[in-house]
Amino acid sequence: MSSRLIKLNADTCRRTGAESPIMKKSFLLKLFLLVSVIAFSQQTRFRIVNAETGSPVSYATVKMLTRPGGAVASGSGTFRMEIRQHDTILVTYVGFAPLKIAGAQVRELIILSPRPA
């Protein structure tokens, strides 16, 4: 009997356009979660290039040192990652000097220098 009453109440709300307090809270919670996810998942696109030639460094490894995470650059030397001000990353590739960068100093263009022979 009680489930029938709840159903009738929900149907009545839909027909009259009235919203129950629970429906309002549910909507506000969903809206808040959506905005939070969008705000905290801002990823920036970075590009890694060779200091001598300016060509992309394909498949370089980017490791987050201050928290779990990392990325591998694409064939065009690009990757996407969320890097915060207090983070530190380490960019490595065979034949190049490793580059450790504090989050506040990371720019969209990362320049790796080849190791001397």
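The values are calculated or read from the model by the stated rules, or taken from the named source; none is laboratory data. Predicted, not measured: the structure shown is a model, and the values here were computed from it. Virtual Cβ from ideal backbone geometry, glycine too; neighbours counted across all protein chains shown. Keep in mind that these areas ignore ligands, DNA and RNA; they rest on the heavy atoms of the full protein, side chains included. Shrake-Rupley method; radii C 1.70, N 1.55, O 1.52, S 1.80 Å.
Count Lys and Arg as plus one, Asp and Glu as minus one, and take only other residues whose Cβ is under 12 Å from that of residue 74; the net charge is then +3. Were the residues from residue 61 through residue 43 laid out at 0.36 nm apart, the gain over their Cα-Cα distance would be 4.8 nm. How much net charge surrounds residue 109 when only other residues with a Cβ under 12 Å from its Cβ are counted (Lys, Arg +1; Asp, Glu -1)? Here the charged neighbours net out to +2.
Solvent-accessible surface of the stretch 61-113, averaged per residue with a 1.4 angstrom probe and all protein chains in place: 57 square angstrom.
Once Rh is set to the Kirkwood radius over Cα pairs, what Stokes-Einstein translational diffusion coefficient, in µm²/s, holds for the stretch 39-117 at a temperature of 4 °C and a viscosity of 1.567 mPa s? Answer, rounded: 103 µm²/s. Less than 14 Å Cβ to Cβ from residue 64, Lys/Arg counted +1 and Asp/Glu -1: what total charge do the surrounding residues give? Surrounding charge for residue 64 is +3. Using a simple spin-label model with pseudo-atoms 7 Å out from Cα toward Cβ, residue 53 and residue 29 lie 5.6 nm apart. For 93, 59, the ranking by accessible surface with the largest value first comes to 59, 93, using a 1.4 Å probe.
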